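The structure under discussion appears below in the form of structure tokens.
Every number here is computed from the coordinates shown, using simple stated rules; none is lab data. This is a predicted model, so every value here is computed, not measured. Note: ideal-geometry Cβ built from the backbone for every residue, glycine included; neighbour counts use all protein chains shown.
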Amino acid sequence: MAFTLGATSGIAFLVSAGITYEIIAKDVSSPQTAEINIRKREDTLMKWVHVGMAESAVLVLLAAVIDKQHRTPILAGGFLAMIITEAEYLYAKSSGLAKPGPETEEY
């Protein structure tokens, strides 16, 4: 996969990262809310984080197929955003389980 960094490569990188974040945000709540309420929402929250990851991967891969000139920045931006987001939610989960504080949801 050959590529050159050009004037629009940064834009492609940011668009790919941005769409990944937008898709995941649409599917789940914030890591802060996850940490606060993880004891009640762990199973469903992490399921939807991973649904968002799969959805993002499909769209990033499609964009990379469509725009061969910017394939590398599209893939780099999208997958870096997915790695960062996964790390944030895993950290929120472990923090919330390790030091549970007052939850914001009542059932």
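Worth pointing out:
- Scanning region 19-68 for residues that are farther than 28 Å from L97 by Cβ and touching a residue at least 60 places away in the same chain (Cβ under 8 Å) yields nothing.
- L80 vs. criteria without any contact (Cβ under 8 Å) to a residue 12 or more places away in the chain and surrounded by fewer than 16 Cβ atoms within 10 Å (Cβ to Cβ): no
- In region 18-61, residue surrounded by the most Cβ atoms within 10 Å (Cβ to Cβ) [restricted to those that are under 21 Å from S95 (Cα atoms) and hydroxyl-bearing (S, T, Y)]: T33
- Check on T72, β-branched (V, I, T), closer than 27 Å to T8 by Cα and surrounded by 13 or more Cβ atoms within 10 Å (Cβ to Cβ): yes
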